[in-house]
1. Can you report the number of residues in the stretch B:72-93 which are at the interface with another protein chain (Cβ under 8 Å from one of its Cβ atoms) and surrounded by 24 or more Cβ atoms within 10 Å (Cβ to Cβ)?
2. Just to be sure I understand, how many residues within the stretch A:274-323 are assigned to a helix (DSSP H, G or I), closer than 25 Å to A:LEU131 by Cα and charged (D, E, K, R)?
3. Among the residues of the stretch B:176-189, is any surrounded by 19 or more Cβ atoms within 10 Å (Cβ to Cβ) and either part of a helix (DSSP H, G or I) or within 13 Å of chain A (Cβ to nearest Cβ) (or both)?
4. Counting only residues that are within 7 Å of chain B (Cβ to nearest Cβ) and either under 23 Å from B:GLY103 (Cα atoms) or part of a loop (DSSP other than H, G, I, E, B) (or both), how many does the stretch A:82-109 have?
5. Can you name the number of the only condition in (1) at pLDDT below 95; (2) under 21 Å from A:VAL188 (Cβ atoms) that A:MET36 fails?
6. In the stretch B:127-158, what residues are buried (at least 18 other Cβ atoms within 10 Å of the Cβ), under 21 Å from B:GLY60 (Cβ atoms) and either in contact with a Pro (Cβ under 8 Å, 6 or more places away or on another chain) or modelled with pLDDT of 95 or more (or both)?
7. If you check A:ILE243, A:ILE222, which single one turns out to be away from chain B (no Cβ under 14 Å) and of a type in the set (Val, Ile, Thr)?
8. Looking only at the stretch B:236-294, count every residue that is facing another protein chain (nearest Cβ under 10 Å) and part of a strand (DSSP E or B) and tell me the total.
Amino acid sequence: MSKIPQTRQGHRPVAIVGFSQSKSLRADRASNEVEMLLPIVHDVFEKAHLTKNEIGFICSGSTDYLIGGPFSFVTALDAIGVWPPKTESHVEMDAAWALYEAFVRLQEGDLDTALVYGFGKSSLGNLSEILNLQLDPYTMAPLHPDQVSLAALQARAVIDQGFGTEEEFARIAARSRKSALENPFAQVRRDDSVEVLLQEPYLVSPLRRHCLPPISDGASAIILAAGDKALELAEHPAWITGIDHRIETHAFGARNLAVSTSTAKAASIAGVSEGHVDVAELHTPFAPQEIIVKNALGLNDSVSINASGGPLAANPLMAGGLIRFGEAAQAILDGRATRAVAHATSGPLLQQNLVAVLEGA
Amino acid sequence: MANRVAVIGVGQTHHKSKRDDVSIAGLVREAAQRALDDSGCTWADIDAVVIGKAPDMFEGIMMPEQFLAAALGAVGKPMFRVHTAGSVGGSTAIVAAHLVAGGIHERVLTVAFEKQSDSDAMWALSVPQPFSAPLLAGAGGYFAPIIRAYMRRSGAPNDVGMRVAVKDRLQALKNPYAHLHMPDITMKMVEESVLLWDPLHYLESCPSSDGAAAMVLGSEEAAKIAEASTGRRPAWVHGMAMRSEPTMFAGRNQVNPQAGRDCAADVYAQAGITNPRAELDCAEVYVPFSWYEPMWLENLGFAAEGEGWKLTESGATALDGGDIPWNCSGGVLSSNPIGASGMLRFLEAALQVRGLAGDHQVEGARKALGHAYGGGAQFFAMWVVGADRPE
């Protein structure tokens with residue numbers, strides 16, 4: 001058997017060979033972004049047995065709006081120390097898309113390694129007010145719908161169309177929090193019974209507090225390596241055998257909020273259904289969204305979903321999607337899984353989705 | 001092995017201080033539609049959309065690509081958002097080009113914009129940030145001391161910046177899309193305009209513009225089809241590169257940044273260029289403040305260190321009579337929709353080698369440089385495009 005699995009879309013084989021994340025905190029008052037990143041960047045280099053001078057390409061994901069300043073990614077570069085100057089790029093998206101850019105950059109064969117990182121300090125501002133600014137500035141943002149109310153609309157659509165119930169939302173939350181007990185980086189780690197969770201009052205009907213992600217400060221980093229380089233750096237590289245991302249319209253009224261056509265399309269291009277899935281890490285910050293994405297990916301009940309606790313246990317904006325890739329890859333790097341699915345989302349109510357299949361050899 | 005990449009269509013808006021006749025969606029759509037028309041493509045032919053803009057705070061919209069998805073025909077397709085400060089227009093084009101070079105897509109639409117009238121860039125650049133010392137000076141205030149350092153090091157006479165300001169505005173008269181059309185501009189006018197940030201006068205600074213730029217990038221096959229259907233030849237990407245360095249550290253050469261020199265060396269090596277002044281026919285270089293022309297002439301290897309101002313002074317960089325015309329379109333000094341300004345440089349370089357630059361065409365141009373920089377002159381994006389298909 002070949003040591004490098006076949007890629008589905010004719011891509012040059014690229015693998016995740018190292019992953020690191022910070023402990024997710026409600027408010028990391030001790031560190032700024034650079035101080036948050038520095039230890040995990042060091043850690044991920046160590047895990048991948050590389051130094052920064054050997055890295056071919058660097059790409060990060062973050063948003064200026066969390067710090068309320070124009071160039072949050074600029075000072076963050078000091079966590080790497082790009083001297084001598086490096087080939088480097090940045091996406092104003094979740095860092096999972098930075099991973100996509102790096103994956104594309106490694107296709108041409110001139111570079112073999114990339115560092116990807118993302119960071120978000122959500123504690124610096126009022127998240128609900130900030131995320132309102134992501135909506136259409138002419139027709140939607142002036143109405144000021146907060147993100148929890150929007151998520152409640154989506155949850156209602158899930159219930160009304162028979163895809164899920166409030167009890168299932170609570171089960172997803174209970175499972176996520178319990179799984180997080182095994183994850184030292186997670187933030188909400190507890191063993192709650194579904195019955196107790198359902199006794200919580202509505203925050204915005206039909207959502208109770210447990211359906212919401214925590215507000216988190218955190219960062220994550222991944223090292224990608226192509227071809228033989230990946231075999232050199234990791235015993236069980238997590239090969240990206242299929243990857244795609246799609247966007248839907250921003251107009252909520254023009255979408256069926258209970259389904260995710262963009263996830264389904266990306267999943268079919270990435271080839272999710274073409275083999276057994278051992279583990280899946282889904283970037284679904286609101287509990288009902290797990291049902292939507294799971295359906296769109298066509299995952300059955302045998303798949304272990306968000307064994308890390310997922311975004312309901314830790315949700316650092318801009319790093320959360322990349323953490324899904326890291327957690328899914330780690331299962332393969334550790335030899336716990338041979339085929340995993342990683343999913344990341346961007347924009348309000350799952351507007352944009354990225355799906356990848358990761359495989360061990 | 002990388003696939004060849006061609007610029008098969010370009011489009012831009014008429015840049016103005018205020019486009020209050022269109023929304024942001026309307027603005028980007030206008031440029032994108034023109035690029036599609038130029039390429040002979042329809043929206044359905046586009047595989048993916050890559051969009052870039054400068055900080056979201058300029059318009060007060062977080063990740064505007066989300067609400068622009070429908071206007072740019074991206075629904076059901078991959079849409080990607082780049083932000084690398086002022087260099088973003090160039091970086092965005094490069095990210096899009098790699099999607100073709102890496103064999104991911106056949107045709108990618110890349111778009112960049114800024115609607116400065118919707119906000120106040122000076123304010124957005126000056127807000128105090130947690131854990132950082134506030135600059136409170138905007139971009140001009142940041143770069144003015146670096147320009148002073150250049151003047152001191154090179155011994156350049158005081159009027160070199162003013163020459164650039166006049167030259168670029170006169171060249172803008174030949175570009176119908178340029179924001180500033182100042183037929184009567186003179187050295188005296190520039191000198192008598194308000195001193196904003198010593199040594200920069202008001203007329204040595206870029207304007208605030210609303211505008212958008214778009215390009216359709218395609219594979220070799222896509223280029224063949226486009227040329228057959230439109231009769232217009234593509235521009236071929238001969239080299240492209242990005243480089244970054246930290247904002248501040250002891251010993252950093254802010255006047256002549258290493259990242260800029262490395263980026264240029266990389267892109268010239270890819271394009272087989274050893275003498276940029278002799279081998280390039282023209283260049284579109286990010287010059288938002290007049291003095292950055294002589295400074296970048298040195299950084300990009302068109303002149304030896306300390307000698308760039310002599311090229312400017314001799315008229316070598318003028319469209320009219322110069323041997324290496326810079327910013328024939330009028331450059332950033334004549335149109336500055338910030339996020340799009342870098343892409344406009346890349347786009348104008350492509351127009352020149354396609355022979356489609358109209359009145360500001362450099363006769364017989366075969367090879368051109370497009371350049372963008374951003375942050376504290378620490379992020380660089382460049383490409384060299386040519387009329388001939390690369391080997």
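1. Summing the residues that are at the interface with another protein chain (Cβ under 8 Å from one of its Cβ atoms) and surrounded by 24 or more Cβ atoms within 10 Å (Cβ to Cβ) in the stretch B:72-93 gives 10.
2. Summing the residues that are assigned to a helix (DSSP H, G or I), closer than 25 Å to A:LEU131 by Cα and charged (D, E, K, R) in the stretch A:274-323 gives 2.
3. Within the stretch B:176-189, none of the residues are surrounded by 19 or more Cβ atoms within 10 Å (Cβ to Cβ) and either part of a helix (DSSP H, G or I) or within 13 Å of chain A (Cβ to nearest Cβ) (or both).
4. Our first condition is that a residue be within 7 Å of chain B (Cβ to nearest Cβ); within the stretch A:82-109, this holds for A:82-93, A:97, A:101, A:104-105, A:107-109.
Filter once more, keeping what is either under 23 Å from B:GLY103 (Cα atoms) or part of a loop (DSSP other than H, G, I, E, B) (or both): A:82-85, A:87-93, A:97, A:101, A:104-105, A:107-109.
Adding up the residues that qualify gives 18.
5. Only one criterion in (1) at pLDDT below 95; (2) under 21 Å from A:VAL188 (Cβ atoms) is unmet by A:MET36, namely (1).
6. B:ALA139
7. Working: A:ILE243 fails: away from chain B (no Cβ under 14 Å).
Testing whether each residue is away from chain B (no Cβ under 14 Å) and of a type in the set (Val, Ile, Thr) leaves just A:ILE222.
8. Residues of the stretch B:236-294 that are facing another protein chain (nearest Cβ under 10 Å), as a first pass: B:241-249, B:251-252, B:257-263, B:266, B:270.
Filter once more, keeping what is part of a strand (DSSP E or B): B:241-244.
Number satisfying all stated conditions: 4.
The values are calculated or read from the model by the stated rules, or taken from the named source; none is laboratory data. Keep in mind that this is a model prediction, so the values were computed, not measured. Ideal geometry is used to build each Cβ from the backbone, glycine not excepted, and the neighbour counts take in all protein chains shown.
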